[in-house]
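Asks: Sharing a structure below in structure tokens format, with a few things to ask.
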Amino acid sequence: MTAGPGSARHDVTAIVNGAERRARVIPRLLLADLLREEWGLTGTHLGCEHGACGACTVLVDGEPTRSCLVFAVQVDGCRVDTVEGLAGAGPGLHPLQEAFRSRHALQCGFCTPGILMTLVAYLRLHPSPSETEIREALSGNLCRCTGYQHIVQAALDAAAAGRAAAPSA
Amino acid sequence: MRPAPFEYFAPRTVEEALDLLGRHGDEAKLLAGGQSLVPMMNMRLVRPAVVIDLNRVAALGTVRADAGRLHLGALVRQHALERDGRVAAAAPLLAEAAPLIGHLQTRARGTIGGSLAHADPAAELPACMIALDAVFHLRSARAQRACSARDFFLGLLSTALEPDELLAGIEVPGMPAVRAGHGFAEVARRHGDFALVGACAALALDAGGVCRHARLVIFGAGDGPHPVRAAAALIGERPSAARLAEAGRAGAAEIDARADLHATAEYRRRVAAGLAARALQQAAARAEAA
């Protein structure tokens with residue numbers, strides 16, 4: 001883009017999956033595009049690009065957020081967590097990812113990162129959800145392959161595993 | 001889909017935000033949670049030359065309760081209505097409606113003021129605010145004024161806000177009697193979708209069980225939330241189930257229901273009557289139990 005209104009760049013510094021990252025962005029750059037195009041974190045998928053499908057959900061300061069509806073410039077100073085950071089540094093998967101694998105809770109996998117990030121945030125606040133509550137929590141995430149059955153089962157498994165690992169919760 | 005270019009400002013104070021709004025007025029958009037504005041920008045239905053991001057204005061993000069009144073900063077996130085005990089105590093209707101606003105991700109980012117200023121006719125919060133007799137505090141660099149929720153909503157996506165005005169805060173008064181109750185009912189295709197029709201009610205009874213305060217609002221059916229005039233007829237009466245069902249029907253008869261892809265006008269009117277009665281009955285039962 002040539003110089004003009006809206007071409008001024010803004011500095012962004014964010015803690016992304018635990019590590020500091022910097023960028024200089026034009027205001028209209030979406031967070032999803034900063035993650036994917038500039039920082040190479042292509043685990044965050046863009047489906048509808050207007051906040052209907054939930055595929056691009058990431059955590060901003062711990063809250064599930066549609067990264068197609070946030071401008072990159074807005075996360076300056078924030079913590080951003082994406083699906084790449086879920087498993088941590090270890091060789092294994094995050095328990096939620098493990099549950100998705102063992103329950104066959106994905107087919108094409110396009111919606112999976114957004115669903116995982118939504119559920120991670122949800123289960124943190126609601127460690128003992130009912131099936132209905134899981135379905136409500138996932139109402140903002142569209143899956144076009146699975147019919148949700150296995151996704152809900154995986155979420156219930158992960159919740160149970162989480163309770164077993166932390167009996168005080 | 002990506003938004004058209006815009007100039008971006010992130011003020012830290014209300015004064016700074018108002019100054020920017022005063023200077024850029026018509027060509028500027030205030031960005032709060034962005035859950036309605038950014039989709040419209042992505043689709044280029046809206047192309048503001050200037051975006052004034054309110055998310056760093058800390059003064060707009062506070063919740064305060066005193067003497068039964070609830071003061072909500074415009075930038076308070078919608079999920080705070082579900083989570084904050086002060087909301088549940090002072091305005092349980094808001095806490096009950098909140099989980100039905102959009103989805104988890106929408107509520108985490110979406111703000112109370114943003115929803116009100118956007119004035120979608122199917123949104124829950126405008127209707128609840130009218131039912132609760134809320135007062136909105138509007139500010140510009142020129143002046144500040146108070147506007148009742150009832151006078152704020154002018155129709156489809158249209159409010160009393162002037163181009164240089166900011167909805168800064170929302171004040172929800174306590175209920176006027178000890179025995180008060182609220183009710184809420186809506187029908188949507190899926191959880192979190194905009195309501196096809198909804199209704200909310202607030203009632204207060206005196207010690208003898210006679211209705212002293214009645215509010216009923218139907219939303220999602222027409223161009224905006226509709227405060228039902230017939231609710232006033234309940235005052236001075238004992239709210240029997242039959243009487244409340246009649247008020248619901250009268251309310252539905254008042255609305256100018258719209259037809260669209262999802263429902264006919266006749267469907268909306270019929271469902272509105274049932275939901276209005278249900279919201280009133282819930283409110284009455286709670287008031288009687290209080």
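Asks: If residue B:154 satisfies every condition in (1) more than 30 Å from residue A:120 (Cα to Cα); (2) part of a loop (DSSP other than H, G, I, E, B) but one, which is the exception?
Replies: Only one criterion is unmet by residue B:154, namely (2).
Asks: Being closer than 16 Å to residue B:110 by Cβ, more than 10 Å from chain A (Cβ to nearest Cβ) and among the hydrophobic types (A, V, I, L, M, F, W, C) narrows it down to one of B:14, B:46, B:38, B:63, so name that one.
Replies: Every option except B:63 fails the conditions.
Asks: Taking residue A:116 and the conditions (1) in contact with an Asp or Glu (Cβ under 9 Å, 6 or more places away or on another chain); (2) of a type outside the set (D, E, K, R); (3) crowded, with 17+ Cβ neighbours inside 10 Å; (4) more than 10 Å from chain B (Cβ to nearest Cβ), which numbered condition does it fall short on, given that it satisfies the others?
Replies: With respect to (1) in contact with an Asp or Glu (Cβ under 9 Å, 6 or more places away or on another chain); (2) of a type outside the set (D, E, K, R); (3) crowded, with 17+ Cβ neighbours inside 10 Å; (4) more than 10 Å from chain B (Cβ to nearest Cβ), residue A:116 is out only on (1).
Asks: Looking only at the stretch A:139-165, how many residues end up being free of Cβ contacts under 8 Å to residues at least 24 places away in the same chain and part of a loop (DSSP other than H, G, I, E, B)?
Replies: 3
Asks: Sticking with this one: What's the total number of residues in the stretch B:80-101 that are assigned to a helix (DSSP H, G or I) and in contact (Cβ under 8 Å) with a residue 40 or more places away in the chain?
Replies: Number of matching residues: 7.
Asks: Now a separate question. Under 6 Å by Cβ, and 6 or more places apart or on different chains, what pairs join a residue from the stretch B:235-256 that is under 8 Å from residue B:273 (Cα atoms) with one that is assigned to a loop (DSSP other than H, G, I, E, B)?
Replies: These pairs meet every condition: B:251/B:228.
Asks: Just to be sure I understand, how many residues within the stretch A:79-89 are in contact with an Asp or Glu (Cβ under 6 Å, 6 or more places away or on another chain) and either buried (at least 19 other Cβ atoms within 10 Å of the Cβ) or at pLDDT below 95 (or both)?
Replies: 0
Asks: Right, here's the next one. What is the number of the single condition among (1) under 14 Å from the mean Cα position of the chain (by Cα); (2) within 14 Å of another protein chain (Cβ to nearest Cβ); (3) among the small types (Gly, Ala, Ser) that residue B:80 does not meet?
Replies: (1) is the only condition that residue B:80 fails.
Asks: Related question: As an exercise: evaluate residue B:140 against (1) buried (at least 18 other Cβ atoms within 10 Å of the Cβ); (2) within 14 Å of chain A (Cβ to nearest Cβ); (3) more than 17 Å from the chain's Cα centre (by Cα) and give the number of the one condition it does not meet.
Replies: The number of the failed condition is (2).
Asks: Residues being within 8 Å of chain B (Cβ to nearest Cβ) and either surrounded by fewer than 17 Cβ atoms within 10 Å (Cβ to Cβ) or part of a strand (DSSP E or B) (or both): count how many of those fall in the stretch A:1-33.
Replies: The total comes to 7.
Asks: Could you figure out which of (1) aliphatic (A, V, I, L, M); (2) closer than 28 Å to residue A:13 by Cα; (3) assigned to a loop (DSSP other than H, G, I, E, B) isn't true of residue A:117?
Replies: Here residue A:117 clears every test but (3).
The values are calculated or read from the model by the stated rules, or taken from the named source; none is laboratory data. Here the structure is a predicted model, which means the values were calculated and not measured. Reconstructed Cβ throughout: ideal geometry from the backbone, glycine too, with neighbour counts over all protein chains shown.
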